[in-house]
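The values are calculated or read from the model by the stated rules, or taken from the named source; none is laboratory data. Since this is a predicted model, take the numbers as computed values, not measurements. We place every Cβ from the backbone using ideal geometry, glycine too, and count neighbours over all the protein chains shown. Surface accessibility is based on the protein's heavy atoms, side chains included, excluding ligands, DNA and RNA. Shrake-Rupley method; radii C 1.70, N 1.55, O 1.52, S 1.80 Å.
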Amino acid sequence: MTAIVVVGAQWGDEGKGKIVDLVAERADVVVRYGGGANAGHTLKVNGQKVVTHLLPSGVLHPTTRCVLGAGMVIDPKVLLEEILDIEGRGLSVRSRITISGRAHATLPFQAAIDRAANAGPRAIGTTGRGIGPTYSDKSARVGVRLGDLVSSTRARSALEALVDAYKWRARAVGAAEPSVDEALAFLEPLMRDIQPLLGDTSLLVDRALRDNERVVFEGAQGTLLDLDHGTYPFVTSSNTVAGGACTGTGIGPTRIDAVFGITKAYCTRVGHGPFPSELHGTAGDSLREAGEEYGATTGRPRRCGWLDLPALRYAVRVNGLTALAVTKLDILSGYDEIPVCTQYRVDGELTAELPVDDLDRAEPVFERFTGWKEAISSARALGDLPASARAYITMIEERVETRIAMVSVGAERAETIVLGDPFARAR
Ligand code: GDP
Ligand code: IMO
Ligand code: MG
């Protein structure tokens, strides 16, 4: 088996960065296929913390090739800062990174509009990184692709269409009107560094797969933030589900061997939108403090709550998950009992399926499972865990009918219990 997609099974921040870094140890290529600098993926190796926003989380393995696919939206300034950060840590990046010229560029005025529109009763609570505007402009066919920026004539003509589309929007929200000259002046120095890194990423990944190399497709955000399958409109603007790996890279679904879903042992969400198993008040605060649940991109406090099994079953379905990693199990140490949402009641009827479009009026039904007191971060095998922590893992595995291949008990690469091969297809 050579191609695996790693996806978030909740509302993002499940620990994808940690798990991708771990599986990338055995990978030749790691591909980001969607989203942009809204992502914040944390890697912790020997006490050193790195947060990737645009670079694939395999970047700390010095020989792993990194690909940024056509489905991404890329803020060139953030990209360059990130490359310089990793180079500053003594690792080469430019020799092993390829960026699709089809990926769309996010420009400062798109981010400004995102932030200006991020208020009022219908606000989504976005990361303010220009994601929604960039994807909307792409769909409206006025976007600017990185490949459009390689010559100043092409760049000028692409930017004219985009800037035109922004003039009235800028006026409507009282923001400064963008100009083509300003945009060119912003882009030109950045593109001197980025242009040599552009390439045909669909071809690169195809060749790697033909050569039987191991390819990891790294999802950003999470299943319930998917534009089509998430809690619309409180979602991001891309397809975060496993299917996005194909469209966002330019390979067919027959090339994917396995889909590895990442879930926390509990649940978090940043931004607005329904979250039925959310804990309010001091209970939510203490879970947030224990789990250090603050956004890796924006620093915003994350909303915290109990694990939602119907939501996880939904993630198994819409992604075709072949295995799961359960992260942050260590954070649940200390509870007498751990409530878990196992069903929903909608119009008086119980269901184990997620009523994804009726979450506002669906009532979560909780079951309580026995907790454990011990710290568990030193566990490296299931047998090192207290019996009730083992039972919690088995319960998840049985209820969502999906094999658990990894249990993460700390942020460090080594703080992991490996139970099976995530690259294997068997469910
Ligand atoms: P991502 O967006 O899915 O990559 O997740 P984030 O990096 O935004 O958030 C996950 C946070 O949990 C990061 O701070 C990680 O370092 C941390 N983390 C990941 N796995 C574990 C774990 O098993 N235990 C603990 N305590 N922290 C973890
Ligand atoms: P990673 O990859 C958690 C959320 C935002 C907001 C909504 C739309 O680190 O898991 P956007 O800026 O994308 O238009 O915001 O999506 N969001 C995330 N939440 N983790 C993320 O990424 C997120 N990326 C976007 O908070 O609710
Ligand atoms: Mg994150």
| query | Can residue 107 be described as more than 11 Å from ligand 2 (Cβ to nearest atom), surrounded by 20 or more Cβ atoms within 10 Å (Cβ to Cβ) and within 23 Å of residue 258 (Cα to Cα)? | reply | no
| task | Please tell me if residue 64 is away from ligand 2 (no atom under 14 Å from the Cβ), in contact with a strand residue (DSSP E or B) (Cβ under 7 Å, 6 or more places away or on another chain) and over 28 Å from residue 192 (Cβ atoms). | result | no
| said: I'd like to know if the range 294-308 contains one or more residues that are touching a strand residue (DSSP E or B) at 6+ places or on another chain (Cβ under 6 Å) and of a type in the set (Asp, Glu). | reply: yes
| said: Checking the conditions here, which among 234, 217 is touching a helix residue (DSSP H, G or I) at 6+ places or on another chain (Cβ under 9 Å), part of a strand (DSSP E or B) and buried (at least 19 other Cβ atoms within 10 Å of the Cβ)? | reply: 217
| said: Please pick out the residue among 78, 6 that is part of a strand (DSSP E or B) and within 27 Å of residue 227 (Cβ to Cβ). | reply: 6
| task | Select from the range 260-284 the residues that are open to solvent by less than 10 Å² (accessible area, probe 1.4 Å) and touching a residue at least 40 places away in the same chain (Cβ under 8 Å) and list them in ascending order. | result | 260, 261, 262, 263, 264, 265, 266, 267, 268, 269, 277
| request: Determine which member of the set 20, 67, 30 is farther than 30 Å from residue 167 by Cβ, within 14 Å of ligand 1 (Cβ to nearest atom), in contact with a Lys or Arg (Cβ under 9 Å, 6 or more places away or on another chain) and assigned by TED's automatic domain parsing to the domain that holds residue 244. | output: 30
| query | How many residues does the range 381-397 hold that are within 16 Å of residue 331 (Cα to Cα) and assigned to a loop (DSSP other than H, G, I, E, B)? | reply | 2
| field | Subset of the range 285-343 (residues that are in a strand (DSSP E or B), within 16 Å of ligand 3 (Cβ to nearest atom) and touching a residue at least 12 places away in the same chain (Cβ under 8 Å)) | value | 301, 303, 304, 325, 327
| message | Among the residues that make up the range 94-116, is at least one of them among the acidic types (Asp, Glu) and at pLDDT 95 or above? | response | no
| query | If you check residue 87 against the conditions, is it outside any strand (DSSP E or B), modelled with pLDDT of 95 or more and open to solvent by 30 Å² or more (accessible area, probe 1.4 Å)? | reply | yes
| said: Under 7 Å between Cβ atoms, which residue pairs at least 6 apart in sequence (or on different chains) link something in the range 346-362 that is outside the structural domain of residue 312 (by TED's automatic domain parsing) and closer than 13 Å to residue 314 by Cβ with a partner that is at pLDDT below 95 and open to solvent by 40 Å² or more (accessible area, probe 1.4 Å)? | reply: none
| Just wondering, is there one or more residues in the range 36-49 that are of a type in the set (S, T, N, Q), within 16 Å of ligand 3 (Cβ to nearest atom) and surrounded by fewer than 24 Cβ atoms within 10 Å (Cβ to Cβ)? | yes
| request: Kindly check whether there is at least one residue in the range 164-180 that is surrounded by fewer than 22 Cβ atoms within 10 Å (Cβ to Cβ), closer than 30 Å to residue 259 by Cβ and of a type in the set (A, V, I, L, M, F, W, C). | output: no
| query | Going by the conditions given, is residue 98 away from ligand 3 (no atom under 16 Å from the Cβ), surrounded by fewer than 24 Cβ atoms within 10 Å (Cβ to Cβ) and in a strand (DSSP E or B)? | reply | yes
| message | Quick test for you: out of 288, 303, pick the one residue that is within 18 Å of the chain's Cα centre (by Cα) and under 23 Å from residue 410 (Cα atoms). | response | 303
| What is the residue count in the range 13-35 for residues that are among the acidic types (Asp, Glu), open to solvent by less than 10 Å² (accessible area, probe 1.4 Å) and more than 14 Å from ligand 3 (Cβ to nearest atom)? | 0
| task | Determine whether residue 246 is surrounded by 19 or more Cβ atoms within 10 Å (Cβ to Cβ) and assigned to a helix (DSSP H, G or I). | result | yes
